[in-house]
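Asks: First, the structure itself, so that you have it in front of you.
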Amino acid sequence: MTTLYDVQQLLKKFGIYVYVGKRLWDIEVMALELDHLHDAHVVSDREFTSAKLVLTREHRIEEKNLKSKNETGGL
């Protein structure tokens, strides 16, 4: 699992579709849903870890993009 799309496909297998409206929020909700699936023992530790790493990376990228957008005044 290497992309956010891969994580979306994993969640889709369980009927979980996430669209909140902001990418950062979507990533956060996906992380919560993934935690619930892991707690229920329906995803393997390997899948969970891999997906969490992807979500963490994507979250960091989004925060960086928002920070740079705020510093430049949205340009």
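Bear in mind these aren't lab numbers, they're just calculated from the coordinates by the rules spelled out. Bear in mind the structure is a predicted one, so any value in this text is a computation, not a measurement. Cβ: placed from backbone, ideal geometry, glycine included. Neighbour counts: every protein chain shown.
Asks: Given (1) closer than 17 Å to GLU58 by Cβ; (2) buried (at least 18 other Cβ atoms within 10 Å of the Cβ), identify the lone condition not met by VAL43.
Replies: (1)
Asks: Return the only residue of LEU24, LEU32 being touching a residue at least 12 places away in the same chain (Cβ under 8 Å) and of a type in the set (A, V, I, L, M, F, W, C).
Replies: LEU24
Asks: Which of the residues spanning segment 28-75 are within 16 Å of ASP6 (Cβ to Cβ), outside any loop (DSSP other than H, G, I, E, B) and polar (S, T, N, Q)?
Replies: Within segment 28-75, THR49, SER50, THR56 qualify.
Asks: When residues of segment 15-40 are filtered for being exposed (fewer than 14 other Cβ atoms within 10 Å of the Cβ) and of a type in the set (A, V, I, L, M, F, W, C), how many remain?
Replies: Our first condition is that a residue be exposed (fewer than 14 other Cβ atoms within 10 Å of the Cβ); within segment 15-40, this holds for 15, 17, 19-22, 25, 32, 35-36, 39-40.
Narrowing the set further to residues that are of a type in the set (A, V, I, L, M, F, W, C) leaves 20, 25, 32, 40.
Here the count works out to 4.
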